[in-house]
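Here is the structure we will look at, set down as structure tokens.
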Amino acid sequence: MSCSAGPLVDAFNRRITYLRLSVTDRCDLRCTYCMPERMQFLPRREVLSLEEMHRLGLAMIDRGIRKIRLTGGEPLVRRDVIELVQALGRRIGDGLEELTLTTNGTQLAAYADALFAAGVRRVNVSLDTLDPGLFFELSRRDQLAQVLEGIRAATAAGLKVKLNAVALKGLNQHELPDLIAWAHGHGHEVTLIEVMPLGEVEGERVDHYLPLTAVRDELERRWTLVDSPHRSGGPARYVDVAQTGGRLGFITPLTNNFCASCNRIRVTATGQLYACLGGAERVDLRTALRSDAPDLQLAAALDTAMAIKPERHHFAHARGAAPAQPRHMSLTGG
Ligand code: SAM
Ligand code: SF4
């Protein structure tokens, strides 16, 4: 079998240095744009053990992955997930530059100190609204107070908290300026995201699709937005808001394709590596991990992933049409 152990470089000469690892597809919320109320979760026996995830993470670091983001589903609902954070955290400064987490924040208060002690310095918390009624409507759960407490506790523990909000027409659209002002007032950067057609949900996502070009126009009537050279190594483009003194990011998979600078791969909780968030190209790392020659098989699987990573995604919203990909964002973790 021919395989290499060098850095991960795809067919378009993009160096892959960023892994998003979904530690579970399960979640304690049911955001309407993400999943249906009766979400069919993966059978537990198919999900990688935390030891397998650790082994995978180490193999990736050996191939030049420098940043790992744990995500889900909700990463903090996986039992003992902190052990994985601690194990991977030991490689910070030794191959790994950063270990981060994307969370809905409901369990963050309980984990904030342990995350910091394990070497995590930044977390992304998803927060689409500060209105308890709308929070319930959007997430189908009454958990806003816990999320806000999680954000407070994380900040107190020394974690830098960045907020992510999906912009939704007719839902949180009118609240976005207040949400941004609140976040900046508390020292949090905010990134807005366009809703993507991934996985079946109840209702039509397209009804609430809000192009961020329109949001930006609206915000510019109120504030001075100054384009920022800041880059986080991801698809977000930033502005500084003169009046609030805070930074605002825009992730625009639909209105402005950002694939040319893609540096990332995603692995699901069952060890399926998806080479692109919007594509079906994948390799099965679980089979490699559980084979007789895991190191060799993993290296070969990663080489295959580099060969099949597509140049770009082809998202589009169309009324009545199937989603661009049948899998939910909770599987690949965004
Ligand atoms: N549960 C965690 C959370 O909500 O932060 C991590 C996983 S969640 C799938 C990651 C991010 O994806 C969240 O910010 C969420 O708002 C976003 N998301 C989920 N479904 C989406 C969709 N269809 N389009 C755009 N963003 C989506
Ligand atoms: Fe759960 Fe995150 Fe999906 Fe909301 S967006 S249902 S919190 S996985």
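When L101 is tested against (1) away from ligand 2 (no atom under 16 Å from the Cβ); (2) closer than 30 Å to F136 by Cβ, exactly one condition is not met: (1). The residues on offer are G199, G233, and the sole one that is within 19 Å of the chain's Cα centre (by Cα) and surrounded by fewer than 18 Cβ atoms within 10 Å (Cβ to Cβ) is G233.
Remark: A293 falls outside the filter, which requires a residue to be aliphatic (A, V, I, L, M) and either open to solvent by 60 Å² or more (accessible area, probe 1.4 Å) or at pLDDT below 90 (or both). Filtered by the rule that a residue be surrounded by fewer than 24 Cβ atoms within 10 Å (Cβ to Cβ) and either within 15 Å of ligand 1 (Cβ to nearest atom) or of a type in the set (D, E) (or both), the stretch 113-124 gives D113, R122, N124. The condition of being part of a loop (DSSP other than H, G, I, E, B) and within 13 Å of D28 (Cβ to Cβ) does not hold for G119. Restricting the stretch 128-177 to residues that are without any contact (Cβ under 8 Å) to a residue 40 or more places away in the chain and open to solvent by 60 Å² or more (accessible area, probe 1.4 Å) leaves a set whose member that is nearest to F250 (Cα to Cα) is H174. For the stretch 212-226, the criterion of being over 21 Å from T332 (Cβ atoms) and in a strand (DSSP E or B) is met by at least one residue.
Output the residues belonging to the stretch 241-251 that are outside any loop (DSSP other than H, G, I, E, B), of a type outside the set (A, V, I, L, M) and open to solvent by less than 60 Å² (accessible area, probe 1.4 Å).
Within the stretch 241-251, G246, G249, F250 meet the criteria.
Looking only at the stretch 55-80, count how many residues are away from ligand 2 (no atom under 16 Å from the Cβ) and outside any helix (DSSP H, G or I).
Qualifying residue count, the stretch 55-80: 8.
Residue-level analysis places A118 outside the set of residues that are within 28 Å of Y33 (Cα to Cα), of a type in the set (G, A, S) and away from ligand 2 (no atom under 16 Å from the Cβ).
Given the residues W223, W182, which is the only one that is among the hydrophobic types (A, V, I, L, M, F, W, C), open to solvent by 40 Å² or more (accessible area, probe 1.4 Å) and touching a residue at least 12 places away in the same chain (Cβ under 8 Å)?
Selected residue: W182, the only one of W223, W182 that is among the hydrophobic types (A, V, I, L, M, F, W, C), open to solvent by 40 Å² or more (accessible area, probe 1.4 Å) and touching a residue at least 12 places away in the same chain (Cβ under 8 Å).
So that you can scan it fast, the table gives a plain yes or no per residue for (1) of a type outside the set (S, T, N, Q); (2) near ligand 1 (Cβ under 9 Å from one of its atoms); (3) outside any helix (DSSP H, G or I); (4) more than 19 Å from P132 (Cβ to Cβ):
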site	(1), (2), (3), (4)
R152	yes, no, no, no
T155	no, no, no, yes
E175	yes, no, no, no
E200	yes, no, yes, yes
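For the stretch 81-90, the set of residues classified as buried (at least 18 other Cβ atoms within 10 Å of the Cβ) and touching a helix residue (DSSP H, G or I) at 6+ places or on another chain (Cβ under 7 Å) consists of V81, I82, L84, V85, L88, listed by residue number.
The values are calculated or read from the model by the stated rules, or taken from the named source; none is laboratory data. Since the model is a prediction, treat every value here as computed from it, not as a measurement. All Cβ positions, glycine included, derive from the backbone under ideal geometry; neighbour counts span all protein chains shown. Note: areas computed on protein heavy atoms with side chains; ligands, DNA, RNA excluded. Shrake-Rupley method; radii C 1.70, N 1.55, O 1.52, S 1.80 Å.
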